[in-house]
Amino acid sequence: MATLNDLFQTAYRFHRDGQYAQAESAYRQLISQQPRHADALHLLGVLCHQTARHEEAANLIARAIAIDPENADYLNNCGLALRAAGRTEDALSCYEEALRLAPKDAGIQNNLGNAYQEAGRFADAADCYRRVLRAYPQEAELRQALVSALMAQGDQRFSHGSFDDAERCYQEAATVAPAIDILQYNLGNAKRELGKPAEAAA
């Protein structure tokens, strides 16, 4: 007779191989026998997220977190499901707690940065991307994410008349990605507003 561990391994193999219907059936069978099987709840939630059932995914992973609240992977994946469900503030709470548990995890840092950016917290997003880039300095997508956050932060500051802050953001973004014309243009506008016509013209 198959043990619960056998059933879990079967579900995991189906899941790993992309056989989602069979994996889901096996996970649910396991959970019906052991409702507090945290890994099965978590992975069934991941599967639901992968098949665009994000609220169900978040609820399942939240059950796993209730059993094992110190598991950073559970919290990170719950954040992914919540963000996909449009619940950005709830996702932020998950990512922040995940990062507290795993402060050197670059993936969590990146996910937190994305959620901050989505919430309009561009300075916080930029801080996250900087930390990840220190670990992975060659990652072009991370550099682009940092530039996007800095540019949005600069636009935000510029629109509120905080031209010193806008100049600083645009300058850093232009240093990270010097070939993007719009950054040079925005930096020039900020310098013009600060009474630096020669630098603006350059």
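Observations on the model:
- Tabulated pairs, the stretch 171-196, first farther than 19 Å from residue 139 by Cβ, second open to solvent by 60 Å² or more (accessible area, probe 1.4 Å) and of a type in the set (Asp, Glu), C-beta under 6 angstrom, 6+ apart or interchain: 191/199
- Applying a threshold of 6 Å to beta carbon distances and a minimum spacing of six or more residues, or different chains, the list of pairs starting in the stretch 115-143 at a residue that is touching a residue at least 60 places away in the same chain (Cβ under 8 Å) and surrounded by 15 or more Cβ atoms within 10 Å (Cβ to Cβ) and ending at one that is of a type in the set (D, E, K, R) and not in a helix (DSSP H, G or I) is empty.
- The residues in the stretch 186-201 that are closer than 13 Å to residue 158 by Cβ and assigned to a helix (DSSP H, G or I) can be counted, and the count is 8.
- Evaluated against (1) under 16 Å from the mean Cα position of the chain (by Cα); (2) of a type in the set (Gly, Ala, Ser); (3) open to solvent by less than 50 Å² (accessible area, probe 1.4 Å), residue 152 falls short on exactly one condition, (1).
- Residues of the stretch 20-38 that are open to solvent by 70 Å² or more (accessible area, probe 1.4 Å) and under 20 Å from residue 81 (Cα atoms): 20, 21, 28.
- Residues in the stretch 91-142 that are under 24 Å from residue 62 (Cα atoms), among the basic types (Lys, Arg) and part of a loop (DSSP other than H, G, I, E, B): 104 only.
The values are calculated or read from the model by the stated rules, or taken from the named source; none is laboratory data. Only a predicted model underlies this, so the values are computations on that prediction, with no experimental measurement involved. Virtual Cβ from ideal backbone geometry, glycine too; neighbours counted across all protein chains shown. Remember, those area values only see protein heavy atoms, side chains included, never the ligands or the DNA or RNA. Shrake-Rupley method; radii C 1.70, N 1.55, O 1.52, S 1.80 Å.
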